[in-house]
Amino acid sequence: MATRKAHATPTRASGIGLPDSPEDSNGCQVGELFHLLGKTHVLDILHVFTGEGSGPRRFVELQAQLSMSPNTLSDRLKDLVGAGLLPRTAYNEIPPRVDYEATPKAYDLQPVFLSLREWAEKHNLKPEPAAPKAAIAVTL
């Protein structure tokens, strides 16, 4: 009896199992971006790095500013570094120092964040009242 080998989907640095070649992606990059941005605290972290007065930030500074657990912050920073949105710079000092800073790729998301802010100011996330059934007309 022949056995089949399980085929593993390659994972990117962000930990998301998606194809790496542009021919295979067919829009998967947008899905990957939404998956990354949808993770808890990712938008908060990016807001810190791409907002006014942004610049290099240290881990402890981010943790205090965002009131996050160290494990969660570490995981999210790894995701953002893996996606190329933040570089990690380690310094050979005692105590050890690590800085993170937004890349141009991260700054390119600012118009997206601005659009989302404008949408949120215009709309809300509450359900719209249902239109009366008699008022709905279908024309062909």
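What the table shows:
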read-out: The range 45-62, residues that are surrounded by fewer than 18 Cβ atoms within 10 Å (Cβ to Cβ) and under 13 Å from A102 (Cα atoms); value: H47, V48, T50, G51, E52, G53, S54, G55, P56, R58
read-out: Any hit, the range 80-92, residues being at positive phi, within 18 Å of the chain's Cα centre (by Cα) and modelled with pLDDT of 95 or more; value: yes
read-out: Filter pass, A13 being surrounded by 10 or more Cβ atoms within 10 Å (Cβ to Cβ), modelled with pLDDT of 90 or more and not in a strand (DSSP E or B); value: no
read-out: Per-region count, the range 55-84, residues among the small types (G, A, S) and in contact with a helix residue (DSSP H, G or I) (Cβ under 7 Å, 6 or more places away or on another chain); value: 2
read-out: Residue check for A120: exposed (fewer than 13 other Cβ atoms within 10 Å of the Cβ) and part of a helix (DSSP H, G or I); value: yes
read-out: Condition met for L18 (at pLDDT 95 or above, under 25 Å from S115 (Cβ atoms) and crowded, with 16+ Cβ neighbours inside 10 Å); value: no
read-out: Residue list for the range 87-108, restricted to those being closer than 11 Å to F49 by Cα and either touching a residue at least 40 places away in the same chain (Cβ under 8 Å) or among the small types (G, A, S) (or both); value: Y100, E101, A102, A106, Y107
read-out: Test: residue in the range 63-75 that is assigned to a loop (DSSP other than H, G, I, E, B) and either of a type in the set (S, T, N, Q) or surrounded by fewer than 15 Cβ atoms within 10 Å (Cβ to Cβ) (or both); value: yes
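The values are calculated or read from the model by the stated rules, or taken from the named source; none is laboratory data. Remember, predicted model here, so these are calculated numbers, not experimental data. Reconstructed Cβ throughout: ideal geometry from the backbone, glycine too, with neighbour counts over all protein chains shown.
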